[in-house]
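First comes the structure, then the notes that go with it.
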There are 2 protein chains.
Amino acid sequence: MIIVITGNGKGKTTSSIGQIVRALGHNQKVCLVQLFKGENFYGEQKILNKLEGLDFFSFAKKHPFCFKEITKEQVIKECSDALQKLNKIAENNKYDLIVLEEFNIALRDGYIQEDSLINIIKELNKNTNVMITGRGASDKLVELADLVSEVKEIKHPYNKGIPAQEGIEY
Amino acid sequence: MIIVITGNGKGKTTSSIGQIVRALGHNQKVCLVQLFKGENFYGEQKILNKLEGLDFFSFAKKHPFCFKEITKEQVIKECSDALQKLNKIAENNKYDLIVLEEFNIALRDGYIQEDSLINIIKELNKNTNVMITGRGASDKLVELADLVSEVKEIKHPYNKGIPAQEGIEY
């Protein structure tokens, strides 16, 4: 099953973390490929690293939008490394669930070619579930997916100038 | 902070599970009060039971919509037990995050009185984050909340007659 979690609201990454925990609870083999997430910052990373049955890879830890010293070329290179990794993962064919965190952002910003990602997803074993997260999912990916949820922001404290809070946003 | 995760799409419970994992990663103390979730069914329950720093309570495990042998009176009694528990939790005041799983459903279906729940939430320590999940959040709760996300169903395989899948829906 191909699952897309998109939208501008809070709850996409936490939803994918919960999905990983759910799958692990059924003794499934899970792989998380994370983009644009700084290391040792998000609380979940510490717990995920301890859970048995999960392989956790992280690429392009800094997005140029937040880190001005990072060039577009660096991000494209790291996202290309992530795709190569994903290609190997597809060949090895040992996972029940593969989570591609913030890959929608990488597509939207042109760091990953849509066709390259879609070709890899199509080559995966039909019993492998794939979850792709991030705002701004592409029309093609939404069409390809079996399950799509849009997390809409109704209210968020940062609109009142309240900064991101430990344990909530990271 | 009061957080409401509502909407008809897939991703609300997994989002709350991810939120719990995130908070635990920062060594926060977390409490999960779950309604309408059968025991030993959802994969996440097995993992959550092993995580340090989390207290996990479950009430009204069967919703009459799915289990016809359950009476409305039984559910009201069990939801009242859940509220009593929550009252004690509020008094003890030791949690950084309290997750109230499917409490929106209990409000919507009249198993919990809105004012009773809102009064308890208002009595909580201001540093305690509360997350309430379930479709059909009430207007009053949305108004009270600092952060509200609506998870909208764009596409779901059960609309094609495909049954719920282990590791995905449970």
Quiz item: Could you list, in sequence order, the residues of segment B:85-121 that are of a type in the set (G, A, S) and open to solvent by 40 Å² or more (accessible area, probe 1.4 Å)?
Solution: B:S116
Practice problem: Hey, can you tell me all the residues within segment B:32-46 that are at the interface with another protein chain (Cβ under 7 Å from one of its Cβ atoms), of a type outside the set (S, T, Y) and touching a residue at least 60 places away in the same chain (Cβ under 8 Å)? | Solution: B:G43
Practice problem: Please find, within segment A:32-47, the residue that is farthest from B:G11 (Cα to Cα) out of those that are touching a Gly at 6+ places or on another chain (Cβ under 8 Å) and open to solvent by 20 Å² or more (accessible area, probe 1.4 Å). | Solution: A:K46
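Each row is one residue, and each column tells you yes or no for (1) away from chain A (no Cβ under 11 Å); (2) in a loop (DSSP other than H, G, I, E, B).
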site: B:I98; (1), (2): yes, no
site: B:G110; (1), (2): yes, yes
site: B:N119; (1), (2): yes, no
site: B:E143; (1), (2): no, no
site: B:V151; (1), (2): no, no
site: B:I154; (1), (2): no, no
site: B:E169; (1), (2): no, yes
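Open to solvent by 20 Å² or more (accessible area, probe 1.4 Å), of a type outside the set (S, T, N, Q) and at the interface with chain A (Cβ under 7 Å from one of its Cβ atoms): which single residue out of B:K29, B:K50, B:K10 fits that description?
B:K10
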Practice problem: Give the residue, chosen from A:A82, A:A60, that is under 13 Å from A:Y111 (Cα atoms), open to solvent by less than 20 Å² (accessible area, probe 1.4 Å) and in contact with a Lys or Arg (Cβ under 9 Å, 6 or more places away or on another chain). | Solution: A:A60
Practice problem: Tell me which of these B:F67 doesn't satisfy, since it passes every other one: (1) away from every other protein chain (no Cβ under 14 Å); (2) not in a loop (DSSP other than H, G, I, E, B). | Solution: (2)
Exercise. Could you list all residues from segment A:122-141 that are assigned to a loop (DSSP other than H, G, I, E, B) and either open to solvent by 60 Å² or more (accessible area, probe 1.4 Å) or without any contact (Cβ under 8 Å) to a residue 60 or more places away in the chain (or both)?
Key: A:L124, A:N125, A:K126, A:N127, A:T128, A:R135, A:S138
Exercise. Please go through segment B:142-165 and pick out each residue that is among the acidic types (D, E), surrounded by fewer than 18 Cβ atoms within 10 Å (Cβ to Cβ) and out of contact with any helix residue (DSSP H, G or I) (no Cβ under 6 Å at 6 or more places or on another chain).
Key: B:E143, B:E153
Quiz item: Can A:A106 be described as under 15 Å from the mean Cα position of the chain (by Cα) and farther than 21 Å from A:V142 by Cα?
Solution: no
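The values are calculated or read from the model by the stated rules, or taken from the named source; none is laboratory data. Since the model is a prediction, treat every value here as computed from it, not as a measurement. Positions of Cβ are generated from backbone atoms using ideal geometry, with glycine treated the same way; all protein chains shown enter the neighbour counts. To get the accessible areas, we keep the full protein, side chains included, count just its heavy atoms, and leave off ligands, DNA and RNA. Shrake-Rupley method; radii C 1.70, N 1.55, O 1.52, S 1.80 Å.
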